[in-house]
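**Student:** The following block contains the structure, expressed as structure tokens.
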Amino acid sequence: MLLNLVEYHWAEYIDDALILLARLDVKTVPLAGGTYLLALDDESIEAVVDLRDLGLSYISEDAQVTRIGAMTTLQQIVDSPALKEYALGILIKAARYSSASQQIRNSATIGGTLATGIASQADVRTALVAVDAEVVVRSGSKTQVNLSGGTADRPGFPLSGVVYRGKQERHLACSSVAEERKQGELIIELILPHINYSAGASFQRIARTESDHALLNVAAVVAFEEGICQKARLVFGGINMEPMRVHAVERQLEGQPIENIAEEAQLLTILHHGLVEFRPPSDPQASSGYRRICSVPLAHQALTEAMKIAHWRTVMTRRSGSTGKLGRERV
Ligand SMILES: Cc1cc2nc3c(=O)[nH]c(=O)nc-3n(C[C@H](O)[C@H](O)[C@H](O)COP(=O)(O)OP(=O)(O)OC[C@H]3O[C@@H](n4cnc5c(N)ncnc54)[C@H](O)[C@@H]3O)c2cc1C
């Protein structure tokens, strides 16, 4: 309960929300779906700014990127036809697993989930890091100054209390949003870069039951060009754990011909070497050792699936004789 809440603002413009959030005298926080915030026991919060009317609930695509507004709910992501094609639907799969209850998914927003960070226990954060998602954050400021009029030679009318409104926008990598986002910065949207059409992707998880939080989850994305791996992403996540990219494995995959890394023994060797330094945190439900032991087979499953899809897509593209039809599909 927010026992000391004294102000409720329903902002209609982003700039107004930013000014309210920038206030230093009244602790003001954004209110999105409310599933996390309203259950918080935080007596320091004095004001909330409801984001519902800011027009931040959208999923749109252009030639370069797909954009997801911060107020888009997890269920809207699950139902999105555009995201069904994007990265073979791994965002949809991960968003569905993020909360087993559709009631929660109907309210919980992607902006709220990212702002909540580790406490959201949301699988979707792992998938977002794997697709190199960027988070657009914006902050506002209001300064009041007194202007003296004219110059010494030509005096004019002085103006007092002139208000300057400023705003600043930054793009943060999804992997670092938890550390880099400053207090008062509003999450505006997520930007998903288009991924090579002949890429493959997969999302896998280990949990006690389908509806439980993931003890360990993994998202893999591999993109090939002329049979050579151009880009590889392998990201682990899970309960009480920030998404962790495994750069050592990614580096070993990139630049390799698909025949080499699709071969089971070779892939397992890469994973055993690349995951030597993988040190996930311990949690009462899953120790670090347990997660490490699970990491190789889970990553193997995800990468094998992603590479099979990539291989199949490459073959289909060659058969179609051009990148035309398949080139429009984003995977
Ligand atoms: C009983 C229960 C169980 C839940 N279980 C799960 C679960 O298993 N997995 C899961 O993923 N989620 C779960 N949730 C929901 C979880 O709280 C949401 O996933 C999400 O973390 C909150 O989203 P929201 O839109 O409701 O945000 P809110 O509750 O409105 O806000 C959460 C925090 O983010 C800030 N915030 C919101 N929007 C923005 C923005 N645009 N910019 C900056 N800051 C912002 C708020 O100020 C607040 O600090 C559960 C919720 C409940 C009530």
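**Student:** Write down the Kirkwood hydrodynamic radius of segment 196-331, to one decimal in angstroms, obtained as one divided by the mean of 1/r over all alpha carbon pairs. Kindly include the intermediate steps, with their values, before the conclusion.
**Tutor:** Working: mean 1/r = 0.0648 Å⁻¹.
Kirkwood radius, segment 196-331: 15.4 Å.
**Student:** Which residue, GLY184, GLN64, LEU5, has the largest displacement toward the positive end of the dipole of the chain when charges sit on each Cβ (Lys, Arg +1; Asp, Glu -1)?
**Tutor:** It is GLN64, whose Cα lies furthest towards the positive end.
**Student:** Could you check which residue among ILE90, ILE45, ILE239 shows the biggest mean-square fluctuation in a GNM of the chain with a 10 Å Cα cutoff?
**Tutor:** Sorting by GNM fluctuation, first place goes to ILE45.
**Student:** Another question, if that's okay. What aspartates and glutamates sit close enough to LYS167 to cross-link, taking a C-alpha to C-alpha distance under 18 Å and skipping anything fewer than 8 places away on the same chain?
**Tutor:** Excluding near neighbours in sequence, the set is GLU12, ASP15, ASP16, GLU180, GLU185, GLU189.
**Student:** With each pseudo-label sitting 7 Å past Cα toward Cβ, what's the GLU180-ASP16 distance in nm, one decimal?
**Tutor:** 3.1
**Student:** What's the FRET efficiency of GLN102 with LYS167 using the Cβ-Cβ distance as r and R₀ = 35 Å, to the nearest 0.05? It would help to have the intermediate numbers written out before the result.
**Tutor:** Numbers: r = 36 Å, r/R0 = 1.02.
Using R0 = 35 Å, I get an efficiency of 0.45.
**Student:** Restricting to Cα pairs below 8 Å that are 6+ residues apart, what does the relative contact order work out to for the chain? Please round to a whole percent. Intermediate results must be reported in sequence, preceding the final value.
**Tutor:** Values: 710 pairs, mean separation 52.9, N = 331.
The value is 16 percent.
**Student:** When a/c reaches 1.5 or more, the comparison of a/b and b/c decides; with that in mind, is segment 7-50 rounded, prolate or oblate per its Cα gyration tensor?
**Tutor:** Working: a/c = 2.60, a/b = 1.30, b/c = 2.00.
Oblate, because a/c is 1.5 or more while a/b does not exceed b/c.
**Student:** Between ASN217, VAL249, TYR197, whose Cα lies farthest towards the positive end of the dipole of segment 196-331 when Lys and Arg beta carbons carry +1 and Asp and Glu beta carbons carry -1, centred on the Cα centre?
**Tutor:** Farthest towards the positive end: TYR197.
**Student:** OK, next. Say we join alpha carbon atoms closer than 10 Å with springs in a Gaussian network model of the chain; which of ALA95, ALA214, ALA152 then has the biggest fluctuation?
**Tutor:** Comparing ALA95, ALA214, ALA152 in a Gaussian network model of the chain, the most mobile one is ALA152.
**Student:** Okay, next question. Rg and Dmax in Å for segment 10-112, alpha carbons only: what are they?
**Tutor:** Here Rg and the maximum Cα pair distance are 15.4, 47 Å.
**Student:** Given points 7 Å out from each Cα along the Cα-Cβ axis, report the GLU85 to LEU3 separation in nanometres with one decimal.
**Tutor:** Here the answer is 5.3 nm between the modelled labels.
**Student:** Here is a further query. Treating each Cα of the chain as an identical point scatterer and ignoring solvent, apply the Debye formula and state log10 I(q)/I(0) at q = 0.09 Å⁻¹.
**Tutor:** Debye output, listed in q order: -0.54.
**Student:** Right, another one. With a length cut of 20 Å (Cα positions projected on each helix's long axis) and a Kyte-Doolittle mean of at least -1.0, go through the chain and give me the DSSP H helices that pass.
**Tutor:** TM-like helix candidates: 288-320.
**Student:** So if I place +1 on the C-beta of Lys and Arg and -1 on the C-beta of Asp and Glu, and nothing else carries charge, what would the dipole magnitude of the chain be about its Cα centre? I want it in debye, nearest 20.
**Tutor:** Numbers: 33 positive and 38 negative charges, 129 e Å.
That gives a dipole near 620 debye.
**Student:** Quick one: if the Förster radius is 41 Å, what FRET efficiency do THR143 and ALA39 give, using the C-beta to C-beta distance and rounding to 0.05?
**Tutor:** 0.70
Quick note: the coordinates plus some simple rules give every number you see, no bench work behind them. A quick note: this is a predicted structure, and the numbers were derived from the prediction, not measured. Reconstructed Cβ throughout: ideal geometry from the backbone, glycine too, with neighbour counts over all protein chains shown.
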